[in-house]
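Asker: This is the structure I want to talk about, given as structure tokens.
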Amino acid sequence: MKEIPKVSEATIRQHADGESFSRGQQYYKRGAVTELALRGALLKAEVEGSAYEPYQVRISFDSGGITTASCTCPVGLDGWCKHIVAVLLAYLHQPQDVEVRPALEELLGGLDRDQLRQLVLQLAARNAGVADEVELHITLLRAGSGAAQPAAPAAAAISMRHTP
């Protein structure tokens, strides 16, 4: 199994305050972390919390360690929330529960041009935002920027509000 480099309980404690670590540890121990999956350099999971829908946690890393960690919870702390802590503890202590999936590059690598085109069309039919993302990326590529991954993909499509 691919491992997240340089991550330990000490690292988690360093990025989370004491209460977030303690609460995250409780979430981990009671089994609130589900859908734990590793795809390439992205660790994803759901964490059951106080909201009806589980919170979505995403943790990206490179050879130097964790590069980003995000959660859909409304808590805006200077550090990792309890849900991120719970996911990392589950990964560290129960690696056998992690579903290892192939990297997206690997999945797409075996498809020909027609298959890729059909895939994008099917995704866009299910989610209108996909078509907007594709349009933005094509616009950037045609403009010669070469940036296929803008920092804020939806930013170009956002217009100014007309009402307060």
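Asker: With a 1.4 Å probe and all protein chains left in place, how much accessible area per residue does region 75-129 have, in Å²?
Answerer: Dividing the accessible area of region 75-129 by its residue count gives 68 Å².
Asker: Using R₀ = 41 Å, calculate the FRET efficiency as 1/(1 + (r/R₀)^6) where r is the Cβ-Cβ separation of Glu105 and Gln26; round to 0.05.
Answerer: 0.65
Asker: What list of ³J(HN,Hα) couplings, whole Hz, do you get for region 136-141 from phi and the Karplus terms 6.51, -1.76, 1.60, once you set θ to phi - 60° and write x for glycine and proline?
Answerer: Once rounded to whole Hz, the list reads 4, 5, 5, 4, 5, 5.
Asker: Quick one: net charge around Tyr55, please, counting Lys, Arg +1 and Asp, Glu -1 for every other residue with C-beta under 13 Å from its C-beta.
Answerer: Overall, the nearby charge balance is 0.
Asker: Sticking with the crude label model, points 7 Å out along Cα→Cβ, report the distance from Ala143 to Ala37 in nm, one decimal please.
Answerer: Label at Ala143, label at Ala37, 3.2 nm between them.
Asker: Using a Förster distance of 22 Å, how high is the FRET efficiency between Glu19 and Thr67, based on the Cβ-Cβ distance and rounded to 0.05?
Answerer: Between Glu19 and Thr67 the formula returns 0.35.
Asker: Next up: What does the charge count around Ser70 come to, taking other residues whose C-beta lies under 11 Å from its C-beta (Lys +1, Arg +1, Asp -1, Glu -1)?
Answerer: Once positives and negatives cancel, what remains is +2.
Asker: Pop the C-beta distance of Val120 and Thr11 into the FRET formula with R0 = 35 Å and round what comes out to the nearest 0.05.
Answerer: It comes to 0.40.
Asker: While we're here: Whole Å is fine, so just give me how far the alpha carbon centre of region 110-127 lies from that of region 59-74.
Answerer: 28 Å
The values are calculated or read from the model by the stated rules, or taken from the named source; none is laboratory data. Every value quoted in this text rests on a predicted model; they were computed, and no experiment measured them. Don't worry about glycine lacking a Cβ; one is built from the backbone with ideal geometry, like all the others, and counts go over all protein chains shown. For accessibility, only protein heavy atoms count, side chains too; no ligands or nucleic acids. Shrake-Rupley method; radii C 1.70, N 1.55, O 1.52, S 1.80 Å.
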